[in-house]
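The values are calculated or read from the model by the stated rules, or taken from the named source; none is laboratory data. Quantities reported herein were computed from a predicted structural model and do not represent experimental measurements. So basically every Cβ, Gly included, is an ideal-geometry build from the backbone, and we count neighbours across all protein chains shown.
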């Protein structure tokens, strides 16, 4: 038995077996060419819009001048990175970016709770109404959604401040006070994406074997016990994968919404790396400097993703 195993392993390592395997792969691609054809647009999209632009990352290490082009611009090494690290805004940007993301991460379990709750609903009509109400905000444009937030929180006419005045308190200027910005951004974002985030968990819950619930019922388990001991363990791999993906974007925030909610009075809390790159690059034409800041942000995201993926691998679930 052992000799046969060694022989099989040796055969796999031979050039002939590798060539046979390569021919088999080409034959399989030829048979399933329709599937690869459907995959082609996605491959072209990533090549054109994700990989090709990486060619321009080198201007982070150059003093880029449009008249000289990327290759003709002077090489300055890490000068722009050092300038960013020594800038007055560096720690403020790091604090605001991490603060908002950690705040949002603390609300990560809410979509799981919503999915588990929707899964337990037995009234089909009420369940559809509940799902529609939770999904609807996701399909509202970011511009419209921010306009709604500003209207709701207006000190003079907003329904929130009208209610505050009704119970005897003074109106609060939510959008101009830095202390309120993070809470408004994170909770409104959670409201908009709550139902949409629960869809993936609902799909995972649909795959739970009903026999597990039947066995738990026979053993006398309550509905709450079945949620904790059947449903949660079943969707745990999905939770871990989504958590890893969230950690991989720890230094990235919804740029459009931040920019729309930002004003000169709340900059102390709303100025994050993405808006700083936009301001330095597009508004002030500091292309090399803004590219260096963006590259720094991407590298930190990549490191965090690798780290948490390795940590998650110990649970038996990871991205790779």
Open item on the list: Go through the range 266-294 and report how many residues are assigned to a helix (DSSP H, G or I), surrounded by fewer than 19 Cβ atoms within 10 Å (Cβ to Cβ) and in contact with a helix residue (DSSP H, G or I) (Cβ under 6 Å, 6 or more places away or on another chain).
Closed with: 2
Task: Tally, over the range 299-311, of residues that are touching a residue at least 24 places away in the same chain (Cβ under 8 Å) and either closer than 19 Å to residue 272 by Cα or outside the structural domain of residue 274 (by TED's automatic domain parsing) (or both) - done: 4
Task: Subset of the range 137-172 [surrounded by 14 or more Cβ atoms within 10 Å (Cβ to Cβ) and part of a loop (DSSP other than H, G, I, E, B)] - done: 153, 154, 155, 158, 171, 172
Task: Every residue from the range 30-66 that is outside any loop (DSSP other than H, G, I, E, B), closer than 23 Å to residue 277 by Cβ, without any contact (Cβ under 8 Å) to a residue 24 or more places away in the chain and over 23 Å from the mean Cα position of the chain (by Cα) - done: 55, 58
Open item on the list: Can you say whether residue 208 is part of a loop (DSSP other than H, G, I, E, B) and touching a helix residue (DSSP H, G or I) at 6+ places or on another chain (Cβ under 6 Å), as far as the supplied structure shows?
Closed with: yes
Task: Residue under evaluation residue 243, criteria (1) under 18 Å from the mean Cα position of the chain (by Cα); (2) more than 28 Å from residue 112 (Cα to Cα), criterion not met - done: (2)
Task: Filter result (assigned to a helix (DSSP H, G or I) and within 19 Å of residue 281 (Cβ to Cβ)) within the range 87-119 - done: 90, 92, 93, 94, 96, 97
Open item on the list: Can you find a residue that is out of contact with any helix residue (DSSP H, G or I) (no Cβ under 8 Å at 6 or more places or on another chain), in the same structural domain as residue 197 (by TED's automatic domain parsing) and more than 30 Å from residue 208 (Cβ to Cβ) anywhere in the range 41-52?
Closed with: no
